[in-house]
Amino acid sequence: MNTQKPLQVSYKNDEYWFPQIGPQLDATFDEHRLVFDNTIGKGEFYRIVIEPGLHLLKAEATFRRPVTFIQQSGSGTGFYVLASNLSDQLIKAMTGEREYKLGYGSENGIYFSSPLLAISYIFKPTYHYHIIFIGLSHERICNFINRQPETQQPLLQSIISNKKPIYHVECLDMQFMAIVKDIDKHLHDGRLNNLLLHSRALELCHHLLLRVEQRRSGPGRKVHPDDISRLEEIRRALLDGYQDACPPIEEAARKAAMSPTKFKTLFKQIYGHTYYQFYKNVRMHKARELLEQQRMNVSEVGYLLGYNNLGKFTKAFKTVFSVAPSALVNS
C-alpha cells in the first residue's frame, strides 16, 4: 500500500495555468505544451487557444506518487471548465463535503465547473490518466447562451452565474462520448483542424446545457445511489456487449432489481435515451469507430454487429448519423 504523502498542486483556473502548475510538477513548458518525467511521474499536457475566451487542453499522465490538484476559488473572470476523464481509472473529486467519482464508466462522465469553485482532484500512482478540458470565459459562454432559444435563456443564465461556485456532472452518453472522442482525436501537436475543434467544443457545451435544462425543467425524480450503481452495471454490459443481441428490458430490469416501469424511467432520466435506443447508439457508434479505422469494409462491420442484411445496417447507421456507412470508408 502506498503511504507516501500526496503532492499538492495548487492553481487558479485562468489562462496562466501552465505557469502555475509547471514549477510545482518540475515540468518544462511553453505556451502550448507542458512536459514532465521525474519522480512525480510522467506526463504531457497540450493546450490550444481556439479563439479569445475558448481553449482546449488534453492531459495525459501517469504519476509515480499520489498527487492532488487543488483548484482555488478564483474570480468571476476565470474560466468555466467542461471536462471528461477518458481514463479507465476514476478520479476522486472533493468539493466541500461532497465527493464524486469522475470517469466515462460512471454516472459522472462529464463535468462542468465555474471559476469560483474550490475543488480537489485526487490522482493515484501507477494509473494512466487521460483527460480532455474545454475552457470558456464567462463572456464567451454568455454569448453562446444568448444564441439559444429565448425560452431557454433565463434558466441557462442561472446555471452559469458568476456570483456563486457551480459544479455540475452528467452521464457521458453516446453523443457526449462521440464528441469528446472526436476532440481527442484531433487535439494533438500536429496540424490542427481549428474549425472542427471549435464546432465540436461548442456542440459539447450545447449538449451539456440542454441536458441541464431538461433535467431542471422536467419532472424527474431523485435517484438512489444504489439504483445508479445497478444501472451503471447494465450500461457497462451494453457497452462491452455491442456484438451481442440486446437483452430484453425485463431481463435488464430484473438484474437491476427494479420493475420494468421504474427501470425504463430511470434509465432515460440518467442516460438521456431509452434502453433500446442507447443499445442501438452503442452499436452504431462502434460501427463508426471501426469504419474510421479503415481496416474493415461496410459488410464486415455490419456482419460483426450481427447484421446479415447490409441494407438494414445501412438504414440503422443513417438513422443515427444521417450519412451512409460507405461515406466513411470512401472518405
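The values are calculated or read from the model by the stated rules, or taken from the named source; none is laboratory data. Treat the numbers as computed from the prediction; the structure is a model and nothing was measured. Glycine gets a Cβ as well: all are built from the backbone with ideal geometry, and neighbour counts include every protein chain shown.
Residue count for the stretch 149-178 satisfying the condition of being in a loop (DSSP other than H, G, I, E, B) and modelled with pLDDT of 75 or more: 4. Residue pairs whose Cβ atoms lie under 6 Å apart, separated by 6 or more positions or on different chains, with the first residue in the stretch 139-152 and buried (at least 16 other Cβ atoms within 10 Å of the Cβ) and the second part of a loop (DSSP other than H, G, I, E, B), are ARG140/GLY53; ILE141/ILE160.
Check whether at least one residue in the stretch 25-33 is in contact with a Ser or Thr (Cβ under 8 Å, 6 or more places away or on another chain) and surrounded by fewer than 20 Cβ atoms within 10 Å (Cβ to Cβ), and report yes or no. Within the stretch 25-33 (the criterion being in contact with a Ser or Thr (Cβ under 8 Å, 6 or more places away or on another chain) and surrounded by fewer than 20 Cβ atoms within 10 Å (Cβ to Cβ)), the answer is no, since none of the residues qualifies. Of the residues that make up the stretch 289-304, is at least one outside any helix (DSSP H, G or I) and either touching a strand residue (DSSP E or B) at 6+ places or on another chain (Cβ under 8 Å) or within 19 Å of ILE179 (Cβ to Cβ) (or both)? Checking the stretch 289-304: at least one residue is outside any helix (DSSP H, G or I) and either touching a strand residue (DSSP E or B) at 6+ places or on another chain (Cβ under 8 Å) or within 19 Å of ILE179 (Cβ to Cβ) (or both).
Scanning the stretch 225-258 for residues that are within 19 Å of the chain's Cα centre (by Cα), exposed (fewer than 14 other Cβ atoms within 10 Å of the Cβ) and of a type outside the set (Gly, Ala, Ser) turns up GLU233, ARG236, ASP240.
If the requirement is being closer than 27 Å to HIS207 by Cβ and exposed (fewer than 13 other Cβ atoms within 10 Å of the Cβ), which of these qualifies: THR261, THR319? Reasoning before the result, please.
On the way: THR261 fails: closer than 27 Å to HIS207 by Cβ.
Of THR261, THR319, the one residue that is closer than 27 Å to HIS207 by Cβ and exposed (fewer than 13 other Cβ atoms within 10 Å of the Cβ) is THR319.
Where strands (runs of 3 or more DSSP E) fall wholly inside the stretch 1-75, the ranges with 3 or more residues that are more than 20 Å from ASN193 (Cα to Cα) and among the hydrophobic types (A, V, I, L, M, F, W, C) are 33-37, 67-72.
Considering the stretch 1-20, the residues that are closer than 16 Å to PRO66 by Cβ and surrounded by 13 or more Cβ atoms within 10 Å (Cβ to Cβ) include one that is modelled with the lowest pLDDT, namely PRO6.
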